[in-house]
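The values are calculated or read from the model by the stated rules, or taken from the named source; none is laboratory data. Keep in mind the model is a prediction, meaning the values are calculated, not measured. Note: ideal-geometry Cβ built from the backbone for every residue, glycine included; neighbour counts use all protein chains shown.
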Amino acid sequence: MSVASFYHIEDMRGMKLYLDTADRDRITEAARLGVVDGVTTNPSIVTAAGLGYREAVTAIADVVDGPVFAQVLADDVEGIVREARGYQEWADDVVAKIPATRPGFEALARLRDEDVPAGTTVVFSIEQAVLAAKNDASFVAPYVGRLDDAGEDGVDTVRRIQHIYDTYGFETEVLAASVRNTTQAVSLYEAGVDAVTLSPDVLDDHVPHPKTDEGVAGFEAAWGDRGSPIDE
Ligand code: E4P
């Protein structure tokens with residue numbers, strides 16, 4: 001087991017489910033389902049929401065219990081460290097997302113020494129994931145959908161990373177990102193991944209089943225116009 005003094009995302013039973021959006025209305029709506037453990041963002045997501053980064057993070061932190069993941073934009077070590085430190089001022093539970101580049105890993109090492117919550121994102125290889133874990137990153141985010149787009153097997157890459165982390169007892173959270181559909185999500189659950197981040201649409205797709213609708217309609221038909229049992 002690693003004896004980490006660095007920040008780790010609070011342990012909880014089971015898998016963590018984050019929402020991958022900066023749309024406050026969708027976050028509020030999804031949070032009502034009771035399953036959202038935090039929110040991930042990236043520059044594309046924040047831009048699509050028409051917000052500034054600080055504005056997005058503070059708005060999200062207002063409506064969600066749990067970490068808000070905010071990506072750094074700098075591409076040099078000093079700039080990354082400065083942004084990750086600065087994000088800490090925006091809200092209580094902000095985790096910096098740092099791309100898996102050489103300056104990114106160097107910045108991560110610096111931030112670990114300062115106890116600034118930070119992890120590795122835009123991850124496309126097991127080697128990068130091993131560097132993140134050795135750096136005691138708060139999380140590692142392999143990009144499932146984009147790995148598939150590149151002709152690789154995104155879910156299998158996550159499965160292998162999770163296996164390596166479990167084997168060595170690394171505390172870095174495996175956070176599967178770029179999840180495009182429920183088929184990928186279910187395969188990730190089967191792989192025992194620590195955490196997934198889902199778009200609100202993919203989360204919404206977890207709910208309906210035609211047989212559930214059919215079953216409910218049958219019960220309602222059987223009950224007819226007898227009203228609510230609580231009023232009997
Ligand atoms: C979240 O942390 C990632 O930035 C996001 O899931 C990437 O998803 P995309 O491949 O759909 O852009």
message: Test of understanding: among Asp213, Asp201, which residue is within 16 Å of the ligand (Cβ to nearest atom), part of a helix (DSSP H, G or I) and without any contact (Cβ under 8 Å) to a residue 12 or more places away in the chain?
response: Asp201
message: For the range 83-95, give me the residue count where each residue is assigned to a helix (DSSP H, G or I) and either touching a His at 6+ places or on another chain (Cβ under 6 Å) or under 19 Å from Asp136 (Cβ atoms) (or both).
response: 3
task: Spot the failing condition for Asp65; the list is (1) more than 30 Å from Thr167 (Cβ to Cβ); (2) modelled with pLDDT of 95 or more, and only one is missed.
output: (2)
field: Qualifying position, being part of a strand (DSSP E or B), buried (at least 22 other Cβ atoms within 10 Å of the Cβ), at pLDDT 95 or above and not polar (S, T, N, Q), among Ile98, Ile80
entry: Ile98
- request: Tally the residues that are in contact with a strand residue (DSSP E or B) (Cβ under 7 Å, 6 or more places away or on another chain) and more than 16 Å from the ligand (Cβ to nearest atom), restricting the search to the range 39-61.
  value: 1
- line: Scanning the range 10-49 residue by residue, the ones that are out of contact with any helix residue (DSSP H, G or I) (no Cβ under 7 Å at 6 or more places or on another chain), closer than 14 Å to Val202 by Cα and part of a loop (DSSP other than H, G, I, E, B) total 2
- line: Filter the range 160-198 for residues that are in a loop (DSSP other than H, G, I, E, B) and of a type in the set (Val, Ile, Thr); the one that is nearest to the ligand (Cβ to nearest atom) is Val179
